[in-house]
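J.: Right, I'll just put the structure down here and ask away after.
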Amino acid sequence: MIPQIRKNLWQVGGDGITGGGDAAAYLMRFGDEAVLIDAGTGGRHTDLAANIDASLPADVSLAYTVLTHCHYDHTGGAEAIRTTYGCKIVAHALDAVYLESGDDEVTAASWYGSHLEPLPVDIKL
């Protein structure tokens, strides 16, 4: 079951929901659009996508994925989410430098024994 925290706010990813390696991911609905906060590592992308789909009516689109910071457990799944939903990726400009270059050390992808492919950021804050 997907935890609904409040009206129009769900936890759709994280330990016990999509996997122990994923940071918590939240979905917020604003009218006919929704925003995903963080995207996990991407290792359980199909579970995260299923939770997003189960939380939103068909007429609500995922418009943005906002990344709280550049660590892999928050960002590794962002490209898969963008590909699935066509949403824009939003991150702070300082984090975007490491995301767009695929820096495995600063993003901590190397801590997970993984590699972060360069991730273009659509909107830099």
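J.: Please pick out the residue among 60, 35 that is among the hydrophobic types (A, V, I, L, M, F, W, C) and under 19 Å from residue 125 (Cβ atoms). Step through it out loud before you land on a result.
T.: Working: 60 fails: under 19 Å from residue 125 (Cβ atoms).
One residue alone meets the criteria, 35.
J.: Could you tell me which numbered condition residue 10 fails, if it satisfies all but one of (1) at pLDDT 95 or above; (2) outside any strand (DSSP E or B)?
T.: (2)
J.: Another question, then. Tell me which of these residue 5 doesn't satisfy, since it passes every other one: (1) under 20 Å from residue 103 (Cβ atoms); (2) in a strand (DSSP E or B).
T.: All conditions are met except number (1).
J.: Here is a follow-up. For residues that are within 13 Å of the chain's Cα centre (by Cα) and either on the phi < 0 side of the Ramachandran plot or of a type in the set (A, V, I, L, M) (or both), tally how many sit in the stretch 22-39. Reasoning before the result, please.
T.: As a first pass, look at the stretch 22-39 and keep what is within 13 Å of the chain's Cα centre (by Cα): 22-28, 34-39.
Imposing the further condition that a residue be either on the phi < 0 side of the Ramachandran plot or of a type in the set (A, V, I, L, M) (or both) reduces the set to 22-28, 34-37, 39.
Residues in the stretch 22-39 being within 13 Å of the chain's Cα centre (by Cα) and either on the phi < 0 side of the Ramachandran plot or of a type in the set (A, V, I, L, M) (or both): 12 in total.
J.: Additional query: Answer yes or no as to whether residue 54 is out of contact with any Ser or Thr (no Cβ under 9 Å at 6 or more places or on another chain), within 19 Å of residue 8 (Cα to Cα) and in a strand (DSSP E or B).
T.: On the way: out of contact with any Ser or Thr (no Cβ under 9 Å at 6 or more places or on another chain): yes; within 19 Å of residue 8 (Cα to Cα): yes; in a strand (DSSP E or B): no.
Spelling it out, it is not the case that residue 54 is out of contact with any Ser or Thr (no Cβ under 9 Å at 6 or more places or on another chain), within 19 Å of residue 8 (Cα to Cα) and in a strand (DSSP E or B).
J.: Given the condition closer than 23 Å to residue 112 by Cα, in a helix (DSSP H, G or I), in contact with an Asp or Glu (Cβ under 9 Å, 6 or more places away or on another chain) and of a type in the set (S, T, N, Q), answer yes or no: does some residue in the stretch 69-81 qualify? Don't jump to the end; show me each part of the working.
T.: Kept after step one, since they are closer than 23 Å to residue 112 by Cα, are these residues of the stretch 69-81: 69-81.
In the following step, the residues that additionally are in a helix (DSSP H, G or I) were identified as 72-75, 78-81.
Next, from what is left, pick out any that are in contact with an Asp or Glu (Cβ under 9 Å, 6 or more places away or on another chain): 72-75, 78-79.
So of that shortlist, the ones also of a type in the set (S, T, N, Q) come out as 75.
Taking every residue of the stretch 69-81 in turn, at least one turns out to be closer than 23 Å to residue 112 by Cα, in a helix (DSSP H, G or I), in contact with an Asp or Glu (Cβ under 9 Å, 6 or more places away or on another chain) and of a type in the set (S, T, N, Q).
J.: Looking at 99, 62, 119, which is the one that is crowded, with 22+ Cβ neighbours inside 10 Å, more than 18 Å from residue 19 (Cβ to Cβ) and in contact (Cβ under 8 Å) with a residue 40 or more places away in the chain? Show your work before the answer.
T.: Numbers: 99 fails: in contact (Cβ under 8 Å) with a residue 40 or more places away in the chain; 62 fails: in contact (Cβ under 8 Å) with a residue 40 or more places away in the chain.
After ruling out the rest, the residue left standing is 119.
J.: Now a separate question. Quick test for you: out of 54, 25, pick the one residue that is at pLDDT 95 or above, of a type outside the set (Phe, Trp, Tyr), surrounded by 14 or more Cβ atoms within 10 Å (Cβ to Cβ) and within 21 Å of residue 2 (Cα to Cα). Before you say what the answer is, go through the steps one by one.
T.: Numbers: 54 fails: surrounded by 14 or more Cβ atoms within 10 Å (Cβ to Cβ).
The conditions single out 25.
The values are calculated or read from the model by the stated rules, or taken from the named source; none is laboratory data. In this text the structure is predicted, and so the values were computed from the model without any measurement. Because the Cβ atoms are built from the backbone with ideal geometry, glycine has one as well, and the counts that use them run over all protein chains shown.
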